[in-house]
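*Asks:* Let me give you the structure first, and then I'll get to my questions.
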Amino acid sequence: MNFSDLNFSNDMLKGLEAIGFSEPTDVQAKTIPLIREGIDVIGHSKTGTGKTAAFGLPAIEKVDVQNKNVQVLVLCPTRELAMQVCEEIRKFSRFVRGLRTAAVYGGQSIERQISALEKGVQIVIGTPGRVIDHLNRKTLDLQDVKMVILDEADEMLDMGFRDDMESILRKTPRTRQTLLFSATMSPDILRLTKRYQKSPEHIQIAAKEKTVNEITQLCYPVPKNRKNDVLYLILKEWEDSLVIIFCNTKKQVDDLTDSLKEMGVRAEGIHGDMKQAERSYVLTAFKTGKIKILVATDVAARGIDVDGIDVVVNYDIPQDLEFYVHRIGRTGRAGKTGYSYTFAEGRDDMRKIHDIERFTKAKIKKVDMPDEEQLAFATIERTEEEIREILRVGARKEFSDMVEKFKGEGYYLEEIASAMAQKIVLPQMGKKKSRKSGASKTTTLVFNIGSGMDINAGHIVAAIARNGGLPGEVVGKISVAENETKAEIPTLFAADVLPKLQNLRIRGKRVTVTAAE
């Protein structure tokens with residue numbers, strides 16, 4: 001069954017296609033037709049089975065976009081889940097004109113939420129406590145609500161939200177449709193359903209065993225701006241191996257494929273917007289080994305059946321936990337040990353990693369991000385390949401004119417090229433890393449001046465940038481004492497920078513700079 005078989009509107013189908021959804025999961029296939037009929041539903045299924053789409057898609061259909069009042073209310077136990085559900089519903093309804101959603105939760109300015117609600121919102125996703133706050137302030141009106149969804153109801157009860165949940169339900173019209181989704185079905189939940197649902201249909205989805213034991217699963221906690229550096233190192237390690245890199249969107253596939261080609265990596269992308277002839281060519285090239293690296297969306301990858309895939313990289317964590325299993329299951333076949341790498345951008349992504357571990361009953365090993373020196377050399381190598389690719393196709397004339405201008409000023413070609421490479425590479429090296437990714441190697445520079453001579457951190461950064469040729473963003477911690485100042489810079493650059501800082505003057509004072517022992 002495809003989503004098109006469920007007779008969604010073209011706008012809805014476009015939204016689903018854009019995020020790679022084509023086939024409904026079991027819970028979606030069984031609950032969506034019931035919800036559409038106006039029947040109250042109890043959805044009993046584990047995390048990662050697609051519950052958000054199960055209630056989110058019919059909720060969107062329920063909305064009258066001409067009416068700017070709240071018509072659907074989703075209650076979630078945590079702000080992280082509320083934000084996630086809101087984002088998912090926005091993706092589903094991307095092409096539905098006139099539909100507005102808002103997430104309301106603690107930890108965010110309530111004034112900002114009030115402003116959003118005043119503009120007119122049809123779907124509100126919130127935590128019980130913050131929804132109560134808005135009801136008490138009369139900034140949230142539920143009189144037009146047609147549907148209430150209790151998402152992860154077991155967690156809300158465990159967290160002590162029962163009274164808030166019941167208070168909110170009593171403020172909604174009795175004619176509403178009430179949906180309850182939960183991973184477990186406790187006596188407390190059953191009592192809640194008897195009181196607030198009308199003859200609900202109970203849909204239970206049995207948990208499926210997931211076998212991923214033959215695959216070594218690794219996770220890199222990595223900031224978004226360092227994904228390509230880490231990916232480059234992985235691809236260097238697995239040179240000449242078959243690799244599939246999964247992205248969640250077609251645009252990300254195109255962007256990443258272009259970036260890899262600029263690095264000199266021979267890769268091709270595949271997604272649903274490509275013509276059938278193009279897809280067939282790319283698949284054949286991958287199956288026959290003409291290309292070793294394939295960047296794909298989940299839907300497009302379904303036509304791939306290759307036993308020799310060594311590595312799967314989850315550049316983006318998949319929307320559905322089932323997709324994770326499908327992705328990594330493409331390696332580790334025919335008795336071979338496979339490897340999967342998953343990039344996790346932040347706390348929400350790490351939460352998804354824990355969900356995947358529970359879902360698959362397998363451990364995903366957390367790997368420290370490569371240290372700053374490794375990433376720096378990866379950046380240099382990537383830049384070399386990118387420049388080599390530009391040289392192959394020919395540089396643009398305006399940049400050739402720039403080079404001629406510098407030559408006219410007496411600079412040698414080697415100096416000009418080195419300066420241009422430095423301008424490109426050093427800012428990339430200096431991007432700050434997350435603390436979780438591990439400490440970089442640093443050298444402490446000691447200046448024999450301090451606050452007693454009206455020196456502050458800004459003077460030190462300026463001196464290092466101006467005289468040492470190091471971008472200011474690369475400079476780390478600076479400690480200013482009365483007669484001394486210490487500044488950290490990456491050890492990788494210390495040998496080059498330190499000689500340039502000799503005979504330095506700051507604010508007219510001669511300064512001595514040494515490296516701390």
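The values are calculated or read from the model by the stated rules, or taken from the named source; none is laboratory data. Only a predicted model underlies this, so the values are computations on that prediction, with no experimental measurement involved. With ideal geometry, Cβ positions are generated from the backbone for all residues, glycine too; neighbour counts draw on all protein chains shown. What goes into the accessible areas is simple: the full protein's heavy atoms, side chains included, and nothing from ligands, DNA or RNA. Shrake-Rupley method; radii C 1.70, N 1.55, O 1.52, S 1.80 Å.
*Asks:* Does residue 449 satisfy being among the aliphatic types (A, V, I, L, M), touching a Leu at 6+ places or on another chain (Cβ under 6 Å) and either assigned to a strand (DSSP E or B) or touching a residue at least 12 places away in the same chain (Cβ under 8 Å) (or both)?
*Replies:* Criteria not met by residue 449.
*Asks:* Which residues, taken from segment 1-10, are more than 26 Å from the chain's Cα centre (by Cα) and closer than 23 Å to residue 323 by Cβ?
*Replies:* The answer is 1, 2, 4, 5, 6, 8.
*Asks:* Would you mind stating whether residue 180 is within 24 Å of residue 69 (Cα to Cα) and either open to solvent by 30 Å² or more (accessible area, probe 1.4 Å) or aliphatic (A, V, I, L, M) (or both)?
*Replies:* Criteria met by residue 180.
Residues checked against (1) open to solvent by 70 Å² or more (accessible area, probe 1.4 Å); (2) assigned to a loop (DSSP other than H, G, I, E, B); (3) at pLDDT 80 or above; (4) over 17 Å from residue 238 (Cα atoms):
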| residue | (1), (2), (3), (4) |
| --- | --- |
| 286 | no, no, yes, no |
| 298 | no, yes, no, yes |
| 313 | no, no, yes, no |
| 319 | no, yes, no, yes |
| 341 | no, no, yes, no |
| 349 | no, no, yes, yes |
| 352 | no, no, yes, yes |
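*Asks:* Taking only segment 11-46 into account, find how many residues are in contact (Cβ under 8 Å) with a residue 60 or more places away in the chain and under 29 Å from the mean Cα position of the chain (by Cα).
*Replies:* Adding up the residues that qualify gives 19.
*Asks:* Select from segment 225-251 the residues that are closer than 24 Å to residue 326 by Cβ, touching a residue at least 12 places away in the same chain (Cβ under 8 Å), part of a helix (DSSP H, G or I) and open to solvent by 20 Å² or more (accessible area, probe 1.4 Å) and list them in ascending order.
*Replies:* Hit for segment 225-251 is 250, nothing else.
*Asks:* Name, by its number, the condition in (1) open to solvent by 80 Å² or more (accessible area, probe 1.4 Å); (2) outside any loop (DSSP other than H, G, I, E, B); (3) modelled with pLDDT under 80 that does not hold for residue 419.
*Replies:* If we test residue 419 against (1) open to solvent by 80 Å² or more (accessible area, probe 1.4 Å); (2) outside any loop (DSSP other than H, G, I, E, B); (3) modelled with pLDDT under 80, just (1) comes out false.
*Asks:* I've got another one for you. Can you work out which of the residues in segment 21-41 that are open to solvent by less than 10 Å² (accessible area, probe 1.4 Å) and outside any helix (DSSP H, G or I) is nearest to residue 202 (Cα to Cα)?
*Replies:* Applying the filter and picking the extreme gives 41.
*Asks:* Also: In segment 99-126, what residues are under 17 Å from residue 56 (Cβ atoms) and open to solvent by 10 Å² or more (accessible area, probe 1.4 Å)?
*Replies:* 99, 100, 101, 103 - these are the residues of segment 99-126 that are under 17 Å from residue 56 (Cβ atoms) and open to solvent by 10 Å² or more (accessible area, probe 1.4 Å).
*Asks:* When residues of segment 456-488 are filtered for being in contact with a Leu (Cβ under 6 Å, 6 or more places away or on another chain), farther than 18 Å from residue 419 by Cα and not hydrophobic (A, V, I, L, M, F, W, C), how many remain?
*Replies:* 0
*Asks:* Continuing with this model, one more query. From the set of residues in segment 56-89 that are open to solvent by 60 Å² or more (accessible area, probe 1.4 Å) and over 23 Å from residue 143 (Cα atoms), which is farthest from the chain's Cα centre (by Cα)?
*Replies:* Looking at residues that are open to solvent by 60 Å² or more (accessible area, probe 1.4 Å) and over 23 Å from residue 143 (Cα atoms), I get 79.
*Asks:* Quick check, is residue 514 under 14 Å from residue 449 (Cα atoms) and buried (at least 18 other Cβ atoms within 10 Å of the Cβ)?
*Replies:* no
*Asks:* Quick check on my filter: what residues within segment 354-379 are among the aliphatic types (A, V, I, L, M) and either under 21 Å from the mean Cα position of the chain (by Cα) or at pLDDT 90 or above (or both)?
*Replies:* 356, 364, 367, 369, 375 - these are the residues of segment 354-379 that are among the aliphatic types (A, V, I, L, M) and either under 21 Å from the mean Cα position of the chain (by Cα) or at pLDDT 90 or above (or both).
*Asks:* Look through segment 1-20, keep the residues that are in a loop (DSSP other than H, G, I, E, B) and of a type in the set (A, V, I, L, M), and return whichever of them is most open to solvent (accessible area, probe 1.4 Å).
*Replies:* Ranking the candidates gives 1 first.
*Asks:* Name the single residue, out of those in segment 467-482 being at pLDDT below 80 and not in a loop (DSSP other than H, G, I, E, B), that is surrounded by the most Cβ atoms within 10 Å (Cβ to Cβ).
*Replies:* Filtering first and then ranking leaves 474.
*Asks:* Return the residue satisfying two criteria in turn: it lies in segment 153-168 and is assigned to a loop (DSSP other than H, G, I, E, B) and touching a residue at least 60 places away in the same chain (Cβ under 8 Å), and of such residues it is nearest to the chain's Cα centre (by Cα).
*Replies:* The qualifying residue nearest to the chain's Cα centre (by Cα) is 159.
For every residue, the table says whether it meets (1) touching a helix residue (DSSP H, G or I) at 6+ places or on another chain (Cβ under 9 Å); (2) open to solvent by less than 80 Å² (accessible area, probe 1.4 Å); (3) part of a helix (DSSP H, G or I).
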residue	(1), (2), (3)
254	no, yes, yes
264	yes, yes, no
273	yes, no, no
279	yes, yes, yes
290	yes, no, no
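*Asks:* Go through segment 483-495 and count every residue that is assigned to a helix (DSSP H, G or I), in contact (Cβ under 8 Å) with a residue 12 or more places away in the chain and of a type outside the set (S, T, N, Q).
*Replies:* Qualifying residue count for the region: 3.
*Asks:* Can you say whether residue 52 is under 21 Å from residue 203 (Cα atoms), polar (S, T, N, Q) and open to solvent by 10 Å² or more (accessible area, probe 1.4 Å), as far as the supplied structure shows?
*Replies:* For residue 52, the condition - under 21 Å from residue 203 (Cα atoms), polar (S, T, N, Q) and open to solvent by 10 Å² or more (accessible area, probe 1.4 Å) - is met.
*Asks:* Between 174, 195, which is at pLDDT 90 or above, over 27 Å from the mean Cα position of the chain (by Cα) and part of a helix (DSSP H, G or I)?
*Replies:* 195
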